[in-house]
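Colleague: There's a structure below that I have some questions on.
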Amino acid sequence: MASIVSRIRHSPPPKTQSAITESPWCRRLLIGIAVAFLIMFLFFPLIAVFYESLKQGIALYLSTFTDPDAIAAIQLTLIVAAIVVPLNTIFGIAVAWAITKFSFRGKSLLATVLDLPFAVSPVIAGLIFILVFSTTHGWFAPVLNETGIKVIFALPGIALATLFITLPFVARELIPIMQAQGKDEEYAALTLGAGGFRTFWRVTLPNVKWGLFYGIILCNARAMGEFGAVAVVSGNIKGLTSTMPLYIETLYMEYKTVPAFALASILTALALVTLIGKNFIEWRAARDSAS
Amino acid sequence: MSIQAHNITKTFGKFTALDNVSLHVPSGRLVSLLGPSGSGKTTLLRILAGLEFADPSSNSQILFHDQDVTATSAGKRGVGFVFQHYALFKHMTIEANIAFGLRSLARAGRPDDATINRRVNELLGLVQLDGLQKRYPSELSGGQRQRIALARALAVQPKVLLLDEPFGALDAKVRKDLRRWLRTFQEEIKITTVFVTHDQEEALELADEVVVMNNARVEQVGSPQQVYDDPASPFVIEFLGNVNRFSAITAGAVDSGSAADVIYVRPHDVDIQPASSKEHQYAIEARVQHVFSAGNYGRVALERILNREPFEAEISRARLRELDLKPGDLVSVVFRHVRLFPKGVYTESDVEGEQLVATATAAQ
């Protein structure tokens, strides 16, 4: 026995680790290409944003945030996110619930239509809302003119367009998780006498919480960063209907590089926080399912 | 608490899961719904639980102890349901899992925390898993999880216990231990229990009464011994235990007067004798194909000389040693019991049975 063990231990190590390995320099070439791409298209721009915004000193960087128009843009962006994210969270949970727990006619159609905002160009998404809510030629023009409600070139229009663009994020995260989990736990709660609300709150929601958080984070990032659809419906009125991405573009067009990059650095920081949050959630979810 | 189900029909689109099925479970009994997958057994169980509802019809009805629960929701029927894959609440401790039903009660009827705690501890003792209060389901083995699922179901003091393939996800050894445990457990607390299984051994060992289901219908209801020894249909005899089939033609054309197509012989009803022995005038000639001598008894695979029809015999190991069979040996075979459908059971001493074996032999 011992002799077999020692013989195995002394036998030369196998030359190749894996059957699908490539020659060393082919490997180096592939890794090199990947790294070069990452540096050129991801790291450089990222560093450029912070470098450009800070290159004329921290004082100038900070002065951007005293500009009333910049403050208005930041406020508007936060308000839009505060409206859109909760609504789409509720919608996402409802749709994911309907698709995974019930069977009904048109279910696969609903699942397909859910992806429409991903498939449609944001500009077109914006135009749709102009078509419907414009006060001159929109479908609801008479009603809007009579009541004096402004949708287009105002907050409601921006919120609607953002709502449309970020519609699928929460639902798309939840559907696969809910599908994998099946309905047994809900049925168990039902036979134990729990009502619908208690079952949802105590059984369904805790099971999908990490997926839900992730969906909300993505939804929020996109809601704050949306440009195309919002540009079409908002009219981009400085200080009134200009969100952060729109105002960054305005500043840049006016050759105000430092304030443009300073605002951009905030959106970029948001993206980085989102990525860190996503990784944290994935780590927690993996730990939860492992324990 | 007895269960009665009358005229239950359930269709899913074009598929009929249950076709006018009726069932009666006497109070305190352990009844098994046995059948292949797709036979409708799980659907029937879920309808009893109120997790599915039968197709609306004037005469379909479910009674728990003579009380109509046909339209009552699952939560109000007072059933304990145990799922094949446990369905424990993953993010809750064992304690919270077991207490879930009690905490779901309306405020007026809900016990206080101390009472709930005591009840949880009692139930953990009952399923012999004391001390696991603070653990999570993922930290438990499959057998432990299923016992926790049982404790959770029992916490609300159900009148009826329903188990859907409760041992299906467990490995063979644990499955055997757990089903013996369930048997004594059920005898102790005497709760009316219905469990679904596709494993005939499990059903025959565990149940007071077996309901054999096939193709959305009930084929036979009876004690394990009844359904095994006196199967009501070809399906039941083929589904329960091993059986050899001989087509009537090969058995020598039980001639025109008979309605039987197929003759069934259990392997343990096949007796092997040396070819030289002429002690039985109705013996059939066969050739030994294989001898399997591992196990509690010897199994011999045989081939009938007349038409090369394969069949199997089970004989004691002592008898196997005595015969000293090898592949290729010629032997003579006698059937102790023969079953014909729809005609009934025939033994050697039955005149018709003798004729059957005689004609079979004559045809060689």
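The values are calculated or read from the model by the stated rules, or taken from the named source; none is laboratory data. Being a predicted model, the structure only gives us computed values, none of them experimental. Glycine also receives a Cβ, built like all others from the backbone with ideal geometry; neighbour counts cover every protein chain displayed.
Colleague: Quick one: in segment A:46-73, which of the residues that are touching a Ser or Thr at 6+ places or on another chain (Cβ under 9 Å) and under 30 Å from A:Leu167 (Cα atoms) is surrounded by the most Cβ atoms within 10 Å (Cβ to Cβ)?
Modeller: Only one residue fits best here, namely A:Ala73.
Colleague: What single numbered condition from (1) more than 14 Å from every other protein chain (Cβ to nearest Cβ); (2) of a type outside the set (Gly, Ala, Ser); (3) crowded, with 17+ Cβ neighbours inside 10 Å fails to hold for B:Val69?
Modeller: Among (1) more than 14 Å from every other protein chain (Cβ to nearest Cβ); (2) of a type outside the set (Gly, Ala, Ser); (3) crowded, with 17+ Cβ neighbours inside 10 Å, the lone unmet condition for B:Val69 is (1).
Colleague: Could I ask something else about it? Any chance segment B:186-198 includes a residue that's part of a strand (DSSP E or B), within 14 Å of chain A (Cβ to nearest Cβ) and not polar (S, T, N, Q)?
Modeller: Yes, segment B:186-198 contains at least one residue that is part of a strand (DSSP E or B), within 14 Å of chain A (Cβ to nearest Cβ) and not polar (S, T, N, Q).
Colleague: Further question: A:Ile124 passes all but one of (1) loosely packed, with under 14 Cβ neighbours inside 10 Å; (2) not in a helix (DSSP H, G or I); which number fails?
Modeller: Condition (2) is where A:Ile124 drops out.
Colleague: Follow-up question, since we're still on this one. The conditions are (1) basic (Lys, Arg); (2) within 14 Å of chain A (Cβ to nearest Cβ); (3) crowded, with 23+ Cβ neighbours inside 10 Å, and B:Lys41 fails exactly one of them. Which is it?
Modeller: Result: B:Lys41 passes all but (2).
Colleague: Going through B:Gln84, B:Gln146 one at a time, which residue ends up being touching a residue at least 40 places away in the same chain (Cβ under 8 Å), polar (S, T, N, Q) and surrounded by fewer than 22 Cβ atoms within 10 Å (Cβ to Cβ)? Walk me through it before giving the result.
Modeller: Values: B:Gln146 fails: surrounded by fewer than 22 Cβ atoms within 10 Å (Cβ to Cβ).
Checking each option against the conditions leaves just B:Gln84.
Colleague: Among the residues of segment A:185-192, are any within 23 Å of B:Arg152 (Cα to Cα), at pLDDT below 90, within 14 Å of another protein chain (Cβ to nearest Cβ) and more than 21 Å from the chain's Cα centre (by Cα)?
Modeller: no
Colleague: I've got another one for you. Can you tell me which residue is nearest to the other protein chains (Cβ to nearest Cβ) among those in segment B:122-179 that are of a type in the set (S, T, N, Q) and more than 24 Å from B:Asp208 (Cβ to Cβ)?
Modeller: The residue in question is B:Ser138.
Colleague: With respect to B:Arg145, determine if the residue is closer than 23 Å to B:Gly78 by Cβ and either of a type outside the set (A, V, I, L, M, F, W, C) or touching a strand residue (DSSP E or B) at 6+ places or on another chain (Cβ under 7 Å) (or both).
Modeller: On the way: closer than 23 Å to B:Gly78 by Cβ: no; either of a type outside the set (A, V, I, L, M, F, W, C) or touching a strand residue (DSSP E or B) at 6+ places or on another chain (Cβ under 7 Å) (or both): yes.
Criteria not met by B:Arg145.
Colleague: Looking at segment B:153-171, I want the residues that are over 24 Å from B:Ser39 (Cα atoms) and have a partner that is basic (Lys, Arg) and surrounded by fewer than 22 Cβ atoms within 10 Å (Cβ to Cβ) with Cβ atoms under 7 Å, at least 6 apart or on another chain. Which pairs are those?
Modeller: Matching pairs, first to second residue: B:Ala155/B:Arg119.
Colleague: Across segment B:76-110, what is the total count of residues that are at the interface with chain A (Cβ under 7 Å from one of its Cβ atoms), over 28 Å from B:Leu170 (Cα atoms) and small (Gly, Ala, Ser)?
Modeller: 1
Colleague: If you go through segment B:79-93, how many residues are under 27 Å from the mean Cα position of the chain (by Cα), part of a loop (DSSP other than H, G, I, E, B) and within 14 Å of A:Ala194 (Cβ to Cβ)? It would help to see each step written out before you state the result.
Modeller: Narrowing segment B:79-93 to residues under 27 Å from the mean Cα position of the chain (by Cα): B:79-88.
Filter once more, keeping what is part of a loop (DSSP other than H, G, I, E, B): B:83-88.
Applying the additional criterion that residues be within 14 Å of A:Ala194 (Cβ to Cβ) yields B:87.
So the answer is 1.
Colleague: For segment A:163-173, check the following and say yes or no: at least one residue is surrounded by fewer than 24 Cβ atoms within 10 Å (Cβ to Cβ), under 28 Å from the mean Cα position of the chain (by Cα) and free of Cβ contacts under 8 Å to residues at least 24 places away in the same chain.
Modeller: No: zero hits.
Colleague: Is it the case, given these coordinates, that A:Ala189 is closer than 30 Å to A:Ala59 by Cβ and hydrophobic (A, V, I, L, M, F, W, C)?
Modeller: The answer is no for A:Ala189.
Colleague: Report, by residue number, each residue of segment B:1-28 that is β-branched (Val, Ile, Thr) and farther than 30 Å from B:Ile189 by Cβ.
Modeller: Scanning segment B:1-28 gives B:Thr9, B:Thr11, B:Thr16.
Colleague: Yes or no: A:Gly195 within 14 Å of chain B (Cβ to nearest Cβ) and touching a Gly at 6+ places or on another chain (Cβ under 9 Å)?
Modeller: For A:Gly195, the condition - within 14 Å of chain B (Cβ to nearest Cβ) and touching a Gly at 6+ places or on another chain (Cβ under 9 Å) - is met.
Colleague: Quick check, is A:Gly215 crowded, with 22+ Cβ neighbours inside 10 Å, within 14 Å of another protein chain (Cβ to nearest Cβ) and either in contact with a Pro (Cβ under 6 Å, 6 or more places away or on another chain) or not acidic (Asp, Glu) (or both)?
Modeller: Judged against the criteria, A:Gly215 is not a match.
Colleague: Residues in segment A:219-242: is at least one within 14 Å of another protein chain (Cβ to nearest Cβ), hydroxyl-bearing (Ser, Thr, Tyr) and either touching a residue at least 12 places away in the same chain (Cβ under 8 Å) or surrounded by 23 or more Cβ atoms within 10 Å (Cβ to Cβ) (or both)?
Modeller: Looking for residues that are within 14 Å of another protein chain (Cβ to nearest Cβ), hydroxyl-bearing (Ser, Thr, Tyr) and either touching a residue at least 12 places away in the same chain (Cβ under 8 Å) or surrounded by 23 or more Cβ atoms within 10 Å (Cβ to Cβ) (or both), one finds none in segment A:219-242, hence no.
Colleague: For segment A:158-192, give me the residue count where each residue is closer than 24 Å to B:Leu48 by Cα, in a helix (DSSP H, G or I) and among the small types (Gly, Ala, Ser).
Modeller: 2
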